[in-house]
Amino acid sequence: MKKPYVVKWLAFSVIALLMTSCGTSGTSINENSYVAGDGVVTEINSGDRKMGPRITGQSITGSTVNVKPGRVALVNVWASWCSPCRAEAPILEDLSKEFPTVQFVGLLTRDSTDSAQAFMKRFEITYPTISDDQILLGFRQSLPVAAIPTTFLIDKQGKVAARISGEITYSSVKKLLEKLVSE
């Protein structure tokens, strides 16, 4: 097998995994179609963290988004058709208001812009969302996406500090954000 085919096969495999993933709160909606995320928090010690991908682009509402080192960031991978994403949306919005110094960014995957905008309006989401699966691939060097939703916390140096695979809880994210903001 030639190298270009290996790269294409690897990219296809990652995209195929994402296309068959939707986390739930510990249960699978359809075991043949979804990978269940169970809300497991994976935290990385500061000395072992790796740089996160460059998170920049145009939001689905037209604003420019650019996550830069110097601020803590929370990146939530979501889709409007994902029930755990709907369940955690109000929690994320509340946290974004409670932690105004943290940059919150949604990362839409496998969804239409119209559906995503309706979702954001329904749940009164005020932070921006980018639709760019290349950013998802950038997390494979640190903590790859294995389910939808997935939430990443990025430290002030731009390194991936934690990943929550599946639906978040208010208390787990609040605890992680407090720790990162104080570092």
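If you check Asp38 against the conditions, is it more than 22 Å from Asp155 (Cβ to Cβ), open to solvent by 60 Å² or more (accessible area, probe 1.4 Å), at pLDDT below 95 and within 13 Å of the chain's Cα centre (by Cα)?
Criteria not met by Asp38.
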Inset, instruction - Would you mind listing the strands (runs of 3 or more DSSP E) fully within the range 69-132 where at least 2 residues are of a type in the set (S, T, N, Q) and open to solvent by less than 70 Å² (accessible area, probe 1.4 Å)? - result: 129-131
Legend entry - Single match in Asp133, Asp114 (criterion: modelled with pLDDT under 95, of a type in the set (D, E, K, R) and farther than 25 Å from Leu180 by Cβ): Asp133
Inset, instruction - Taking the options Phe99, Phe139, Phe104, name whichever one is aromatic (Phe, Trp, Tyr) and either over 15 Å from the mean Cα position of the chain (by Cα) or at positive phi (or both). - result: Phe99
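Would you point out which residue out of Ala146, Ala161 is buried (at least 23 other Cβ atoms within 10 Å of the Cβ) and among the small types (Gly, Ala, Ser)? Even if it seems obvious, please write down each step before you answer.
On the way: Ala146 fails: buried (at least 23 other Cβ atoms within 10 Å of the Cβ).
Only one candidate qualifies: Ala161.
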Inset, instruction - Kindly check whether there is at least one residue in the range 48-66 that is at pLDDT below 90 and either in contact with an Asp or Glu (Cβ under 7 Å, 6 or more places away or on another chain) or within 21 Å of Thr109 (Cα to Cα) (or both). - result: no
Legend entry - Which numbered condition Met51 misses (of (1) open to solvent by 50 Å² or more (accessible area, probe 1.4 Å); (2) touching a strand residue (DSSP E or B) at 6+ places or on another chain (Cβ under 9 Å); (3) within 13 Å of Phe123 (Cβ to Cβ)): (3)
Legend entry - Verdict on Leu176 being in a helix (DSSP H, G or I), surrounded by 20 or more Cβ atoms within 10 Å (Cβ to Cβ) and out of contact with any His (no Cβ under 9 Å at 6 or more places or on another chain): yes
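The values are calculated or read from the model by the stated rules, or taken from the named source; none is laboratory data. Keep in mind that what you see is a predicted model, and the values were worked out from it rather than measured. Note: ideal-geometry Cβ built from the backbone for every residue, glycine included; neighbour counts use all protein chains shown. Calculation scope for accessible area: heavy atoms of the full protein, side chains included, ligands and nucleic acids excluded. Shrake-Rupley method; radii C 1.70, N 1.55, O 1.52, S 1.80 Å.
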